[in-house]
Amino acid sequence: MGPADGAMGLARRHAGTIAIAIAIGVLARAAISHILARCGEPAATLDDAYIHFQYARAFAEGHPFRFQAGEPPSSGATSFLWPLALALFYKVGFTGKSILWAAWGLSYAAYGALAWEAWALTSKLANHAAAIGAAALVLSFGGLQWFAPSGMEVLPFAWAITSTVRRSAEWVEEPLLRSARRRNLLCAFAFLCPLLRPEGAIFSLAPVVALAAFPASRDLRTRALAIVPLLSLALLPAILHVVTGDAQSSTARVKLLSGTPYPPWTPTAWENVRTFVTKLLNGEIWSAEFLPKGGAPVAFASIGAIGTCGVIKRRPFRAVFVIAIALAALVPCLYVTFLWNRLRYLWPFSTGWLVGLACIADLLGQFAGSLHRRARHVSLLVIGVFAGLFGSRHDGVVEDVANSASGIDRQQVALGRWARANLPEGARIGVNDTGAIAYFGDRRTFDIVGLTTQSEGRYWVAGAASRYEHYERLRRDRPELLPTHFIVYAEWMACDAVLGELLHEVTVTDSSILGGQTMRVYVANYDHLGKGELPWTPGFQPADTVDVADVESERAHGYDLAGARDTDETIHSGLSPAGGGVIDGGRTARTRDAFRVRLGQGRHRGIVRALAPSPPSTLRILAAAKEIARVTLSTTAWEELAFDLPAGMGGEVDVEVIASGSPVTTFHYWFE
């Protein structure tokens with residue numbers, strides 16, 4: 001056999017891999033060339049990509065987990081491993097915008113590997129044509145095409161979970177292939193998944209099940225090794241706890257419904273599930289760019305098709321594992337919202353649904369073949385229809401990729417570069433999009449959302465008034481932590497009271513990926529902080545204070561948040577009776593406040609600062625479960641109303657304030 005014959009044989013054996021590589025090259029060229037043409041340089045489609053790049057720089061510069069040198073450790077990146085991988089490239093010279101070439105290379109390599117994994121997963125569930133079709137569907141699906149050039153970990157994570165599932169299925173299905181090497185690879189993938197993204201811990205269970213239920217041998221040592229993948233579930237929390245003091249990442253704390261202080265969160269989770277089922281799977285609104293409208297019934301049929309193929313092919317474990325990938329798309333329903341960033345939290349799990357479509361094609365082909373031998377090729381036609389529906393969106397997806405990268409470039413990147421050129425080196429910038437401004441600004445940042453400034457997440461999820469009250473505490477106790485400037489979407493920050501002189505602004509009207517059209521640069525203004533802390537009633541000397549919406553004060557006084565929502569917080573600006581300006585944070589729509597105060601011995605007075613949107617509204621005040629006073633809010637301006645407590649009431653006293661009439665806004669309670 002000559003060299004030419006050998007080359008042709010090699011090409012035939014690897015035809016699928018070569019075809020995937022060619023397709024990936026075409027997709028990469030289309031997306032990247034559009035980005036370069038629109039932006040004139042490499043650019044990321046999401047600001048969050050620059051958070052990863054900033055952490056990559058931190059690893060490379062020797063201050064890992066610190067978003068900036070000298071700052072406290074934080075866990076603001078969605079992925080632990082993605083910045084670490086990029087740090088290797090940063091270290092050898094891929095700095096600034098050139099880090100994107102490394103991110104693109106890794107991401108498109110993972111995209112190709114994901115297509116191969118889809119083929120390999122499907123090959124044992126369906127016929128050869130369906131397996132090829134599964135790879136084609138992965139390559140034609142716009143959700144994955146969009147994120148391949150994003151600079152994010154979406155494609156590497158999708159590949160990792162799919163490969164883990166495939167390897168686990170093979171361990172179960174192919175006893176003769178069980179070896180120490182394959183066991184070690186399974187264990188490695190079990191650790192890889194959660195390190196790429198915390199949700200990956202779900203898929204670490206696949207190797208646990210495979211190795212525990214089907215050990216390579218019956219000796220005690222082999223059985224003991226089966227639990228090694230189980231340790232992967234604790235690895236990331238352990239790393240985070242050691243580094244940051246918190247076993248939960250700041251991104252999870254900010255984005256998960258369980259992180260909100262306002263119970264119950266289950267109705268929101270169920271509403272998210274309803275949105276996922278009736279809107280997103282159906283190709284409506286947020287998913288219309290990627291999915292054909294009306295596709296939800298087909299999507300659900302694909303789950304049934306996977307199970308049916310698993311039964312027919314006697315591959316139940318493989319079918320269950322693939323269904324797990326698809327249904328893991330429900331996990332983001334536990335987030336406050338999963339509609340951010342072109343649904344980036346959903347698409348890593350799309351492979352399960354795409355394999356399901358290939359299984360539908362196979363079953364239809366089998367049914368048609370049972371009617372007529374030549375009709376078995378119907379499966380190819382069905383695959384072609386599915387791929388055509390996805391592929392028809394390709395041009396729009398590529399255009400959106402370029403437009404999104406351009407929008408981020410013209411706004412956040414431009415503002416980061418402006419900050420570096422115009423703000424003093426000692427500036428500390430408050431941001432609500434922290435990636436590009438930190439990466440290009442070369443200035444310390446204060447992430448008001450709490451992703452990269454670990455301490456701020458609890459105040460972000462609590463609401464705008466809680467943030468304002470928190471800034472009051474910082475000014476009193478740790479003024480050096482407060483920002484000197486803000487670069488924010490003012491309407492998103494919802495805390496105008498701390499925004500001073502406007503220095504600069506950038507408006508981009510043609511990019512929907514941005515958090516707002518106009519992002520502005522302000523000098524921080526803290527002149528109003530603290531003016532609402534004391535009652536304006538003359539001569540009143542508070543011994544204990546309940547500052548409504550102040551997270552620490554509410555916690556210290558056992559303030560009952562029942563019925564509260566972050567959207568019910570308000571930062572109110574008004575005048576005191578003496579005519580002085582006062583700003584105070586409070587909670588609206590309150591029909592009941594309950595808390596605990598500490599009183600000394602003797603007679604006591606209390607004051608409540610409140611506002612009734614529709615006066616009059618009467619407040620019944622109870623102490624130790626007994627009504628002690630009634631006061632009436634009679635105007636639409638805020639008022640301070642005094643009341644007496646019975647003599648002899650001291651120590652810890654439970655206080656309840658019940659509004660009759662209209663709900664009220666409460667700001668402060670003082671007791672002397």
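The values are calculated or read from the model by the stated rules, or taken from the named source; none is laboratory data. Please read these numbers as outputs of a predicted model, since none were measured by experiment. All Cβ positions, even for glycine, are placed from backbone atoms using ideal geometry, and neighbour counts span all protein chains on display.
A count restricted to segment 213-227 and to residues that are surrounded by 14 or more Cβ atoms within 10 Å (Cβ to Cβ), modelled with pLDDT of 85 or more and either assigned to a helix (DSSP H, G or I) or aliphatic (A, V, I, L, M) (or both) stands at 0.
Applying the criterion of being modelled with pLDDT under 90 and in contact with a Phe, Trp or Tyr (Cβ under 7 Å, 6 or more places away or on another chain) to the residues of segment 575-595, the residue that is surrounded by the most Cβ atoms within 10 Å (Cβ to Cβ) is SER576. Taking the stated definitions as given, is ARG520 in contact (Cβ under 8 Å) with a residue 40 or more places away in the chain and among the basic types (Lys, Arg)? When the stated conditions are applied, ARG520 does not pass them.
Taking every residue in segment 185-207 that is farther than 19 Å from GLY352 by Cβ and pairing it with any residue that is at pLDDT 95 or above and aliphatic (A, V, I, L, M), at least 6 positions away or on another chain, the pairs with Cβ-Cβ distances below 8 Å are LEU195/LEU81.
Across segment 64-85, the number of residues qualifying as within 18 Å of the chain's Cα centre (by Cα) and free of Cβ contacts under 8 Å to residues at least 40 places away in the same chain comes to 1. Residue count for segment 228-240 satisfying the condition of being of a type in the set (A, V, I, L, M), over 15 Å from PHE203 (Cβ atoms) and surrounded by 15 or more Cβ atoms within 10 Å (Cβ to Cβ): 3. Does segment 602-635 hold any residues that are among the aliphatic types (A, V, I, L, M) and within 25 Å of LEU575 (Cα to Cα), and which are they? Result: ILE607, VAL608, ALA610, LEU611, ALA612, LEU619, VAL631, LEU633. One residue stands out in segment 174-197 among those that are of a type outside the set (A, V, I, L, M), modelled with pLDDT under 95 and part of a helix (DSSP H, G or I): the one that is farthest from PRO83 (Cα to Cα), namely PRO175. Within segment 462-503, the set of residues being farther than 18 Å from LYS531 by Cα, surrounded by 21 or more Cβ atoms within 10 Å (Cβ to Cβ) and among the β-branched types (Val, Ile, Thr) comprises ILE487, VAL488.
Taking the criterion of being hydrophobic (A, V, I, L, M, F, W, C) and in contact with a Ser or Thr (Cβ under 7 Å, 6 or more places away or on another chain), the residues of segment 44-81 that qualify are ALA44, LEU46, ALA49, ILE51, PHE65, PHE67. The requirement of being in a strand (DSSP E or B), surrounded by fewer than 15 Cβ atoms within 10 Å (Cβ to Cβ) and touching an Asp or Glu at 6+ places or on another chain (Cβ under 8 Å) is fulfilled nowhere in segment 624-634; no residue meets it. Is segment 458-468 home to any residue that is within 24 Å of GLN248 (Cβ to Cβ) and in contact with a strand residue (DSSP E or B) (Cβ under 6 Å, 6 or more places away or on another chain)? The answer is yes, given that some residue of segment 458-468 is within 24 Å of GLN248 (Cβ to Cβ) and in contact with a strand residue (DSSP E or B) (Cβ under 6 Å, 6 or more places away or on another chain). Consider only pairs whose beta carbons are under 9 Å apart and that are at least six residues apart or on different chains; among these, list those whose first residue lies in segment 415-428 and is closer than 10 Å to HIS485 by Cβ and whose second residue is polar (S, T, N, Q) and modelled with pLDDT of 95 or more. Once the first residue is closer than 10 Å to HIS485 by Cβ and sits in segment 415-428, its partners that are polar (S, T, N, Q) and modelled with pLDDT of 95 or more give LEU423/THR484; PRO424/THR484; ALA427/THR484; ARG428/THR445; ARG428/THR484. The residues listed here are ARG620, ARG598, ARG609; of these, the one that is surrounded by 13 or more Cβ atoms within 10 Å (Cβ to Cβ), in contact (Cβ under 8 Å) with a residue 40 or more places away in the chain and under 21 Å from CYS495 (Cβ atoms) is ARG609.
Just to be sure, is ARG66 more than 25 Å from ALA28 (Cβ to Cβ) and not polar (S, T, N, Q)?
On the way: more than 25 Å from ALA28 (Cβ to Cβ): yes; not polar (S, T, N, Q): yes.
So ARG66 passes the test.
Against the condition charged (D, E, K, R), under 15 Å from PRO229 (Cα atoms) and in the same structural domain as LYS313 (by TED's automatic domain parsing), how does ARG167 come out, does it pass? Answer is yes for this residue.
Does PRO237 satisfy the criteria of being part of a helix (DSSP H, G or I) and either touching a Gly at 6+ places or on another chain (Cβ under 8 Å) or hydrophobic (A, V, I, L, M, F, W, C) (or both)? Reasoning before the result, please.
Working: part of a helix (DSSP H, G or I): yes; either touching a Gly at 6+ places or on another chain (Cβ under 8 Å) or hydrophobic (A, V, I, L, M, F, W, C) (or both): no.
No; evaluated as a whole, the condition is false for this residue.
Cβ-Cβ below 9 Å, separation at least six or inter-chain, first residue in segment 464-483 and of a type in the set (Phe, Trp, Tyr), second in a loop (DSSP other than H, G, I, E, B) and surrounded by fewer than 19 Cβ atoms within 10 Å (Cβ to Cβ): which pairs? What qualifies is TYR471/LEU482; TYR471/TYR526.
Restricting attention to segment 36-63, the residues that are among the small types (Gly, Ala, Ser) and without any contact (Cβ under 8 Å) to a residue 60 or more places away in the chain add up to 5. Write out, first by first residue and then by second, each pair whose Cβ atoms fall under 7 Å of each other, whose residues are 6+ apart or on separate chains, and whose first residue, in segment 252-269, is in contact (Cβ under 8 Å) with a residue 40 or more places away in the chain while the second is among the basic types (Lys, Arg) and buried (at least 16 other Cβ atoms within 10 Å of the Cβ). If the second residue must be among the basic types (Lys, Arg) and buried (at least 16 other Cβ atoms within 10 Å of the Cβ), the pairs left are GLY259/ARG253.
With the structure loaded, tell me whether GLY563 is among the small types (Gly, Ala, Ser), at pLDDT 95 or above, surrounded by fewer than 20 Cβ atoms within 10 Å (Cβ to Cβ) and at positive phi or whether it fails that test.
On the way: among the small types (Gly, Ala, Ser): yes; at pLDDT 95 or above: no; surrounded by fewer than 20 Cβ atoms within 10 Å (Cβ to Cβ): yes; at positive phi: yes.
Here the answer is no, as GLY563 does not meet what is asked.
Somewhere in segment 335-342, is a residue buried (at least 22 other Cβ atoms within 10 Å of the Cβ) and not in a helix (DSSP H, G or I)? So that I can check it myself, show each step before the final result.
Filtering segment 335-342 for residues buried (at least 22 other Cβ atoms within 10 Å of the Cβ) gives 338, 342.
Of the ones still in play, those that are also not in a helix (DSSP H, G or I) are 338.
Yes; the residues of segment 335-342 include at least one that is buried (at least 22 other Cβ atoms within 10 Å of the Cβ) and not in a helix (DSSP H, G or I).
Would you check if THR275 is modelled with pLDDT of 95 or more and among the hydroxyl-bearing types (Ser, Thr, Tyr)? Yes.
In this structure, does HIS52 turn out to be part of a helix (DSSP H, G or I) and touching a Gly at 6+ places or on another chain (Cβ under 9 Å)? Let's see the steps before the verdict.
Working: part of a helix (DSSP H, G or I): yes; touching a Gly at 6+ places or on another chain (Cβ under 9 Å): yes.
Taking the combined requirement at face value, the residue satisfies it.
Can you confirm whether VAL243 is touching a residue at least 40 places away in the same chain (Cβ under 8 Å), more than 23 Å from GLY450 (Cα to Cα) and surrounded by 14 or more Cβ atoms within 10 Å (Cβ to Cβ)? If you could, list the steps in order and put the result at the bottom.
Numbers: touching a residue at least 40 places away in the same chain (Cβ under 8 Å): yes; more than 23 Å from GLY450 (Cα to Cα): no; surrounded by 14 or more Cβ atoms within 10 Å (Cβ to Cβ): yes.
No, not satisfied.
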